[in-house]
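Each remark here refers to the structure printed beneath this line.
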Amino acid sequence: MIGERLLEVDECESTQLLLGPDDPEGAVAVADYQSGGRGRLGRSWVAPPGTALQLSILLRPPPERNIAQLPLLGGLATAEVVEEELGLWGSAQIKWPNDVMVNRRKVAGVLGEAREGAVVLGIGVNVNQTRQQLPEDAVTAPGSLRTISGREHDRTALLKTLLGRLEEVYEKWRSGGLEALYGELGARVRSRVRRLTLDGRAGTGVMILRDGRLQVAFDDGETTAVESGVLLVER
Ligand code: BT5
């Protein structure tokens, strides 16, 4: 049950580091401030104290499931909750593989880290940051619920809703795989063709496959399906 074990701290380096092998599946860690918030591939996630919703969830999926799909699940649950909170139906999209976008701005990011037989799924949602409090140097323009709605939002209520939605999405996936979520994902994953570079090779994103991978047509003529990705990290 996601969130049954809930650890809330004022400050930590990263909530990703607060969960370990002794924790039960579904354990959640939440921090008001992270001094070393992590993004993917060594990048960082930054938010001033008291503004963002930052949580990690420990999951132990059954072996037949592809853990690289988990960030998509996190993105789906977050997109639905963000959209409901904003009251803007159909406004939140998932920018493959792990960004939640509203009005072309990144309002949330998801990070999957595999370790010790488990996956730690991290979610950061920009809730009450003002425009000035969002990172200036971000590659994808950032936004927060506040910059979009013009008002502050209750992070505690959002957390509760998000944990409930994550539970539903995770249970569906655990029993039925990504197929069980394909309709919901299909409505949200932005498969619009976009230019990208992967390991230094330029290409174009063609479409999201049913297993969650992105089909990429490289400029050199090769076409490959790319996994959304859970990073392998050591604590
Ligand atoms: C992500 O990585 O977007 C994953 C973020 C996951 C954060 C959560 S918070 C709880 C848990 N504990 C952690 O330590 N992490 C997780 P990526 O796609 O690599 O995006 C990182 C990039 O987004 C950075 O290089 C910045 O350009 C930009 N960025 C940093 N902070 C941001 C923010 N608050 N809002 C929007 N963009 C941001």
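The values are calculated or read from the model by the stated rules, or taken from the named source; none is laboratory data. The model shown is predicted, which means the values in this text are computed figures rather than measured ones. Here Cβ is always computed from backbone atoms with ideal geometry, including for glycine, and neighbour counts include all displayed protein chains. Ligands, DNA and RNA are excluded from the accessible area calculation, which covers all protein heavy atoms including side chains. Shrake-Rupley method; radii C 1.70, N 1.55, O 1.52, S 1.80 Å.
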* Run the 1.4 Å probe and let me know the accessible area of residue 189, rounded to the nearest 10 Å². => 20 Å²
* Structure fact -> Comparing 97, 63, 71 in a Gaussian network model of the chain (Cα, 10 Å), the one with the largest mean-square fluctuation is 63
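I'd like the antiparallel share, as a percent to the nearest 5, of DSSP beta bridges with both residues in segment 6-186.
In segment 6-186, DSSP labels about 80 percent of beta bridges as antiparallel.
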* Estimated FRET transfer efficiency when R0 is 41 angstrom, pair residue 11-residue 198 (beta carbons, to 0.05) -> 0.70
* Asked: How would you rank 38-48, 10-20, 112-122, highest first, on the average number of other Cβ atoms within 10 Å across their residues?
  -> 112-122, 10-20, 38-48
* Accessible heavy-atom area order of 136, 152, 227, 83, highest first, probe of 1.4 Å -> 136, 152, 227, 83
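Using a 1.4 angstrom probe on the protein heavy atoms only, line up 80, 25, 4 by accessible area, largest first. Write out the running numbers ahead of the final one.
Details: 80 35, 25 55, 4 150 Å².
Per-residue accessible area, sorted high to low, gives 4, 25, 80.
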* Asked: Counting alpha carbon pairs within less than 8 Å and at least 6 residues apart, what relative contact order, in whole percent, applies to segment 147-232?
  -> 15 percent
* Asked: Taking residue 172 as the anchor, which aspartates and glutamates have their alpha carbon closer than 18 Å to its alpha carbon, excluding any fewer than eight residues away along the same chain?
  -> 25, 64, 80, 184, 211
* Asked: If each of residue 88 and residue 220 carries a label point 7 Å out from its Cα toward its Cβ, how far apart are those two points in nm?
  -> 4.0 nm
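Nearest 0.05, what FRET efficiency do residue 175 and residue 136 give at R0 = 41 Å with Cβ-Cβ as r?
Values: r = 43 Å, r/R0 = 1.06.
After rounding to 0.05, the efficiency reads 0.40.
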* To do: Could you order 1, 207, 101 so the one with the most accessible surface comes first? Probe is 1.4 Å.
  => 1, 207, 101
* Asked: So what is the relative contact order of segment 83-182, in percent, for Cα pairs below 8 Å that sit 6 or more residues apart?
  -> 17 percent
* Using only Cα atoms, locate the centre of segment 124-178 and the centre of segment 58-106, then give the distance between them in Å, rounded to an integer. => 9 Å
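Just need the relative contact order of the chain here, percent rounded to a whole number, with Cα pairs under 8 Å and 6+ apart.
On the way: 495 pairs, mean separation 43.9, N = 235.
Answer for the chain is 19 percent.
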* Structure fact -> Ranked by GNM mean-square fluctuation in the chain (Cα springs under 10 Å), the top entry among 128, 103, 66 is 103
* Structure fact -> Per residue convex hull volume, Cα only, the chain, in Å³ is 118 Å³
* Structure fact -> Taking Rh as the Kirkwood radius computed over alpha-carbon pairs of segment 97-235 and applying Stokes-Einstein at 10 °C with viscosity 1.306 mPa s, one gets a diffusion coefficient in µm² s⁻¹ of 92 µm²/s
